[in-house]
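Notes to accompany the following structure.
What follows is calculated from the coordinates using simple rules that are stated; it is not laboratory data. Because the structure is predicted, anything quoted here is derived from the model rather than measured. Methodologically, a virtual Cβ is constructed for each residue, glycine included, from the backbone with ideal geometry; neighbour enumeration extends over all protein chains shown.
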Amino acid sequence: MKLGLYVIQAIGRSSFMLVNVKGLVASKRSRYQQIDVVDTEEFGRVLVLDGLIQSTEADEFYYHESLVHPAMILHENPKKVLILGGGEGATLREVLKYKSVEKAVMVDIDEDVVNIAREYLGSWHEGAFDDPRAQVVIEDGKKFVEESKERFDVVIMDLTDPYGPEIARDLYREDFIHRIHEVLTEDGVMSTQAGTSFFYPEEYAELYRNISKVFRYTTSFSTWIPSFGYACNFIVASKSRDLMSMSEQEIDSRLRSRGIRTRFIDGRTLKALLAIPEYRRPR
């Protein structure tokens, strides 16, 4: 929510962070949510949905690289990728860095978010929407997956938080995770953001259980996102290989051999993120 010259960013159920706003760039009430793009002192340009910061110019790559690259490097040769959500185009940008990708389908329910991103968030998508390998579908992600006859090597869920707006909650339920498993190829991998396990431990634990019941290998880690004011959890699940089995050297080798340039994720960083303290490890 905006108050005067500030964005009030919710952190957990009762804590908040004030972000100083320099100016309003765009504002629209879509069919599904309030969309605002603002310029701020601390984080540069910011996408705000229903009063909550979604990503910022200063640190979006912390989030998007953490969401995309662990899953993409875990797969031997990702050719077809499905992105659920990701309206600002940054997840699509990271996926399309892989030359092996022949088709990347991005499904977002809110066309207004995509259109505003195209116009005002160029440093996020960097032209990814216009890549010939990209297919942007405006549709409910749940409906798309339930009706899809295609199979994908990697599915990435870039949605609002599991405990957030109703718009995405059904996509975190166990029955939908089963359907994700079905649309993946034999060595398929999925990745999702999972909110914050510190402030919402029960909701996080439920999502982890839902995924681990369905997939052979399920791994979790967290990344501190300054503009969120908390460490965001990510879950990577695979049919054929455990992310934990990858060494620092193998991670770096795969990124290098695939020509992937990153600012945040590399072998050393990812292995450090995977070293979750004992009391925070999923049960």
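Computed from backbone phi with θ = phi - 60° and the Karplus coefficients 6.51, -1.76 and 1.60, the 3J(HN,Hα) list for segment 22-30 is 8, x, 8, 8, 7, 8, 7, 9, 8 Hz; x is used for glycine and proline. Using the Stokes-Einstein relation with a Kirkwood hydrodynamic radius computed over Cα pairs, the translational diffusion coefficient of segment 2-56 at 4 °C and a viscosity of 1.567 mPa s comes to 115 µm²/s.
Sorting the segments 20-33, 201-214 by their mean number of nearby beta carbons within 10 angstrom, highest to lowest, gives 201-214, 20-33.
Here the Karplus relation 6.51 cos²θ - 1.76 cosθ + 1.60, evaluated at θ = phi - 60°, turns the backbone of segment 200-216 into coupling constants of 10, x, 5, 5, 5, 4, 5, 5, 4, 5, 4, 6, 5, 5, 9, 9, 5 Hz, with x for every Gly and Pro.
Checking every one of the trypsin sites (Lys or Arg not before Pro) in segment 72-174 against DSSP loop status and a limit of 12 other Cβ atoms within 10 Å picks out LYS99, LYS149.
Rounded to the nearest 20 debye, the dipole size of the chain about its Cα centre is 580 debye, using +1 on the Cβ of Lys and Arg and -1 on the Cβ of Asp and Glu. Normalised by the number of residues in segment 72-221, the average gap of Cα pairs under 8 Å and 6 or more apart makes the relative contact order 23 percent. Amide H contacts for SER55 (H built 1.01 Å from N in the peptide plane; partners 5 or more residues away or on another chain; cut-off under 5 Å): LEU47. Rounded to the nearest 500, the 222 nm mean residue ellipticity of the chain from helices alone is -8500 deg cm²/dmol, with -39,500 (n - 2.57) taken per DSSP H run of at least 4 residues.
With unit charges on the beta carbons (Lys and Arg positive, Asp and Glu negative) and the dipole taken about the Cα centre of the chain, which residue among PHE215, VAL81, VAL37 sits farthest to the positive side? Highest projection toward the positive end goes to PHE215. Per the Cα gyration tensor, the chain maps to an equivalent ellipsoid with semi-axes of 27, 21, 19 Å, ordered largest to smallest.
Simple rule: put +1 on each Lys or Arg Cβ and -1 on each Asp or Glu Cβ in the chain, find the dipole, and look at TYR230, THR160, ALA117; the Cα lying farthest toward the positive end is TYR230.
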